[in-house]
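Structure first, commentary second.
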Amino acid sequence: MIGSFVNVGERTNVTGSARFRKLIQAEDYAGGLQVARQQIEAGAQIIDINMDDGLLDSEAAMKTFMNLIAAEPDISRVPIMVDSSKWSVIEAGLKCAQGKCVVNSISLKEGEDAFLREAREVRKLGAAVVVMGFDEDGQAETADRKVAIAKRSHALLTGDAGFRSEDIIFDPNIFAVATGIEAHNDYGVAFIEATRRIRTALPECHVSGGVSNLSFSFRGNEAVRRAMHSVFLYHAIKAGMDMAIVNAGQIDIYDEIPKRLRETVEDVILNRRNDATERLLELAEEYKGQGGVTKKGEDDKWRKEPVRERLRHALVNGLDRHVVDDTEEARQEADRPLEVIEGPLMDGMNTVGDLFGSGKMFLPQVVKSARVMKLAVNHLIPFMEADRKPGDKSGKGKVLLATVKGDVHDIGKNIVGVVLQCNNYEVIDLGVMVPTEKILQVAREEDVDIIGLSGLITPSLDRMVEVAAEMQRQGFTIPLLIGGATTSRKHTAIKIAPEYEHGVVHVDDASRAVATVSKLLSPQAKEAFLTETADRYRAIRDGKAGTQRTQAATPLSAARANRLKLDWQGYVPSSPSFIGARTIEDLRLAEIAEHIDWTPFFHAWGVRGAYPRVLEDSEKGVVARDLLAKAQAMLTRIVEEEWFTPRATVGFWPAASRGDDVVLYTDETQARERATFRFLRQQANKSGGRPNLCLADFVAPEDAGTPDWIGGFAVTAGPEAHRIAERFEGKHNDFDAIMVKALADRLAEALAELMHRRVRRDLWGYAPDEDLDNDALIAESYRGIRPAPGYPACPDHTEKGLLFDLLDAPKRIGLTLTESCAMWPAAAVSGLYFSHPDSRYFGIGHIGRDQAEDYAARKGMTLAEVEQWLSPVLAYEPEARGAEKVAA
């Protein structure tokens, strides 16, 4: 279930967050949702929700909050940990949840019968479970007791309750240290040792804990508490802890904690000195009132260090002013120029890689380091060419990267390439939309050591399976790396790995690329790493085969009967100012730039946090402010020098809903049909009068006698970004190459926001008096929606084809679709306009076979085709169909 360390956000817990408790007690659930968003933006991959408070109806509060979360895509995209000491509250939360949850918690404190009864209910409701270190004799304080309870619980859960080991998370109890009570001094060591032993004895299970308990003695001293949490996590994670309930935004970088504070905290947690508590209490006085660890200002003292240290400092801090001079000095001291790369430069980049991989550096800093490394290497290249001897290699290995056929997105792939080049790997980047045959042809011609595939849209997953199968057929023996937003370790294990027997490895993000490639190219580590990976993937496949296939909760017929019912007799839709499609000519970059939402920009750079709060973040603020300054400087040039030519087309058509479809007509008489959009309907089990939504519900039915309309749009920042990025890359300026693409994406989204505003106020005119600032626009505080094919409310990418035909987008604005329905140029947005006041965004969730079959018939496609396009939202496992493929 959990592949790497997982932060569980703790702030949506009324027992741990006074702010959240006050919001829920005041029934300010919107404020509570914002707390959840902040946790996710700060890095939480699961959020812990607890409503156990004496002044609350905990069960009702849990139901309300869980139902609200289900309607918030930016929150519901992460799993939920339903946390309560009351079984009725846990059960209420699970019944409202979408997807797989984690129950926190059950224990043996009331005996085996109660433990198994609750465990079976958890399993029946499809959740994983946290097992606390309690039994009939109380909570476990020693390592021996913690391990014994874990083993006993595991035997009961797997033997009697039918749990899989990977769905079991042990919490061996994190207790407060430095309390002044001698018996508490060993609590930190006991947890760490128990974790190590549990993970050794039960390797498929997981270990978690509530980290804030550890520092309870120092409440009010934020700097010391943060240091204690960071040091504890550093040691517990090394011992095997792979989850923690912790405020994800309140963790310091281990290496940047002042040495004296770090060592004193370590003495306490590891119980290394009898006077450790007294020494920490004394030191804590120096940190009262401080929010956390701060970095020292940059000075020139490092210039007095030996050249090896100067190069390392320049690389880690991205300083290029002296790097050529220092590289030349190092070259003159070395016997051969290659030794400078293999020595001080690689030492520095290994430090960068370690800091990035452990979350202690952020992507913008790494890209700056890459530029410094390239400047140094470029200075050495002429000397290395003159000195080259037979058998010398220019780097540690050769990696081919490509975005697969039909897909145009490459920022993530480019980041991986930069990180690998930083570490002296030779990277061949084939770009985007690369056919299988070209990938394999170049791989042979260049004698590469590894192939890496990237993709963002769903059809890319099928292309990756195709590449793997063709590698097997052609007799390749090099490893295959899989990455990209739509990919996952589970999909890689189940769909891709069985097609190729010489190593398929999923890479979560750029921070893991170097470590993975290093193992794959190491004669000593490669075999063991591939065997371990293959075993892990086989366990995923075996575990999947042993589980019951998920089914949609509600039959399609019942979901349709529970459709949204609007009052069409009392509502008069507004008529747009024209019928058909038009090209929008009066587009100015300066006006578009005013509508930029900066939060996703920071996310693209790996700096998680909401703008503008991220600028003041104690950890990321310095990086974020520097990144924003550079972005705004380039944006100024983009606007003033007109780097891009933004383009837009908008259309409106008379329309009526027919079941789950929306029929478009040639004119307002609705006498002649022009086209039909096909939509999907939610099949989740709804309660409390909530409907099973479909986009067609927001358009007047054909038998209502109410004329209605639907709109569509397509916009692009223009085709220039890719050419400009290539020029930057040619000058070894990866930072600006990535920056220009990231800004192009933001401008395309800003243009979509601007066009929607014009549609509401003028072109359609259903909200002529709207007067919202940019913050309100970003918060979508307006009437109407603009859902896009391929996204939660309309997950079928193929509906873009009809939209582009109606808009004549290729001819009007030069925007085209690939075979996989990706838009080119990549900095583009398209979608549909709905104007009804009750229209809102939602997610389809998972659909059953009954809806897939119905949808295939309505679309005129085979079931196999529909299943491939909609594979992420299927609530069942399709039957294997080797002959039928999506034509993409």
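The rows are residues; the columns are (1) at pLDDT below 95; (2) open to solvent by 30 Å² or more (accessible area, probe 1.4 Å); (3) not acidic (D, E); (4) not in a strand (DSSP E or B).
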| position | (1), (2), (3), (4) |
| --- | --- |
| L440 | no, no, yes, yes |
| D447 | yes, yes, no, yes |
| I451 | no, no, yes, no |
| L456 | yes, yes, yes, yes |
| D462 | yes, yes, no, yes |
| V467 | no, no, yes, yes |
| M471 | no, no, yes, yes |
| Taking the stretch 644-669 only, how many residues are in contact with a helix residue (DSSP H, G or I) (Cβ under 6 Å, 6 or more places away or on another chain) and either more than 30 Å from G580 (Cα to Cα) or among the small types (G, A, S) (or both)? | 3
| message | Suppose we keep only residues that are among the aliphatic types (A, V, I, L, M) and either at pLDDT below 90 or in contact with a strand residue (DSSP E or B) (Cβ under 7 Å, 6 or more places away or on another chain) (or both) within the stretch 616-638. Which one would you say is least open to solvent (accessible area, probe 1.4 Å)? | response | A624
| task | Assess whether T676 counts as being open to solvent by 10 Å² or more (accessible area, probe 1.4 Å), farther than 30 Å from A742 by Cα, modelled with pLDDT of 95 or more and among the hydroxyl-bearing types (S, T, Y). | result | yes
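Would you call S165 among the polar types (S, T, N, Q), more than 17 Å from S84 (Cα to Cα) and under 30 Å from the mean Cα position of the chain (by Cα)?
Numbers: among the polar types (S, T, N, Q): yes; more than 17 Å from S84 (Cα to Cα): yes; under 30 Å from the mean Cα position of the chain (by Cα): yes.
Yes: the conditions hold for S165.
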| Hey, among the residues in the stretch 201-216 that are surrounded by fewer than 24 Cβ atoms within 10 Å (Cβ to Cβ) and under 17 Å from A44 (Cα atoms), which one's modelled with the lowest pLDDT? | S212
| said: Taking the conditions exactly as written (in contact with a Leu (Cβ under 8 Å, 6 or more places away or on another chain) and of a type in the set (F, W, Y)), does F191 satisfy them or not? | reply: no
| Hey, does the stretch 260-278 have a residue that's modelled with pLDDT under 90 and part of a helix (DSSP H, G or I)? | yes
| query | Looking only at residues in the stretch 473-494 that are assigned to a loop (DSSP other than H, G, I, E, B) and under 16 Å from P872 (Cα atoms), which one is nearest to the chain's Cα centre (by Cα)? | reply | A485
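Residue by residue, here is whether (1) open to solvent by 10 Å² or more (accessible area, probe 1.4 Å); (2) hydrophobic (A, V, I, L, M, F, W, C); (3) more than 30 Å from Y782 (Cβ to Cβ) holds:
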position: Y841; (1), (2), (3): yes, no, no
position: I844; (1), (2), (3): no, yes, no
position: I847; (1), (2), (3): no, yes, no
position: D850; (1), (2), (3): yes, no, yes
position: E853; (1), (2), (3): yes, no, yes
position: G860; (1), (2), (3): yes, no, yes
position: W869; (1), (2), (3): yes, yes, yes
position: P872; (1), (2), (3): yes, no, no
| message | Against the definition (at pLDDT 90 or above and open to solvent by 10 Å² or more (accessible area, probe 1.4 Å)), how does R219 come out, yes or no? | response | no
| Enumeration of residues in the stretch 761-788 that are within 28 Å of the chain's Cα centre (by Cα) and either of a type in the set (F, W, Y) or more than 24 Å from S575 (Cα to Cα) (or both) | N774, D775, A776, I778, A779, Y782
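Here are D796, D762, D775, D771: which of them is open to solvent by 10 Å² or more (accessible area, probe 1.4 Å), in a loop (DSSP other than H, G, I, E, B) and not aliphatic (A, V, I, L, M)?
D771
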| said: What pairs come out if I take residues in the stretch 460-472 that are β-branched (V, I, T) and pair them with residues that are part of a helix (DSSP H, G or I) and open to solvent by less than 40 Å² (accessible area, probe 1.4 Å) whose C-beta lies under 8 Å away, six or more apart or interchain? | reply: V465/I496; V467/T436; V467/I439; V467/L440
| remark: The helices (runs of 4 or more DSSP H) lying wholly within the stretch 539-641 that contain at least 1 residues that are under 30 Å from F842 (Cα atoms) are 556-561, 589-593, 598-604
| request: Tell me, please, whether a residue that is open to solvent by 10 Å² or more (accessible area, probe 1.4 Å), among the acidic types (D, E) and more than 26 Å from D354 (Cα to Cα) can be found in the stretch 234-255. | output: no
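Return yes when D703 is of a type in the set (D, E), loosely packed, with under 15 Cβ neighbours inside 10 Å, without any contact (Cβ under 8 Å) to a residue 24 or more places away in the chain and part of a loop (DSSP other than H, G, I, E, B) and no when it is not.
yes
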| request: Tally the residues that are more than 19 Å from D449 (Cα to Cα) and either at pLDDT below 90 or open to solvent by 70 Å² or more (accessible area, probe 1.4 Å) (or both), restricting the search to the stretch 506-538. | output: 7
| request: Among residues belonging to the stretch 824-839 that are open to solvent by less than 50 Å² (accessible area, probe 1.4 Å) and part of a loop (DSSP other than H, G, I, E, B), point out the one that is nearest to P691 (Cα to Cα). | output: S839
| request: Using the structure shown, decide if K811 is outside any loop (DSSP other than H, G, I, E, B), free of Cβ contacts under 8 Å to residues at least 40 places away in the same chain and either crowded, with 17+ Cβ neighbours inside 10 Å or among the polar types (S, T, N, Q) (or both). | output: no
| task | Quick one: which residue in R840, R783, R812 is of a type in the set (D, E, K, R) and out of contact with any strand residue (DSSP E or B) (no Cβ under 8 Å at 6 or more places or on another chain)? | result | R783
| Residue check: is E298 modelled with pLDDT of 85 or more and open to solvent by 10 Å² or more (accessible area, probe 1.4 Å)? | no
| said: Filter the stretch 510-528 down to the residues that are free of Cβ contacts under 8 Å to residues at least 60 places away in the same chain and touching a strand residue (DSSP E or B) at 6+ places or on another chain (Cβ under 8 Å) and list them by number. | reply: T516
| query | Which condition number does F644 fail, the rest of (1) at pLDDT 90 or above; (2) crowded, with 19+ Cβ neighbours inside 10 Å; (3) assigned to a helix (DSSP H, G or I) being met? | reply | (3)
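Between I579, I592, which is touching a helix residue (DSSP H, G or I) at 6+ places or on another chain (Cβ under 6 Å), among the β-branched types (V, I, T) and modelled with pLDDT of 90 or more?
I592
The values are calculated or read from the model by the stated rules, or taken from the named source; none is laboratory data. Computed from a predicted structure; not experimentally measured. Counting neighbours? That spans all protein chains shown, and the Cβs are built from the backbone with ideal geometry, glycine included. Just so you know, the surface numbers come from the protein's heavy atoms only, side chains and all, with ligands and any DNA or RNA stripped out. Shrake-Rupley method; radii C 1.70, N 1.55, O 1.52, S 1.80 Å.
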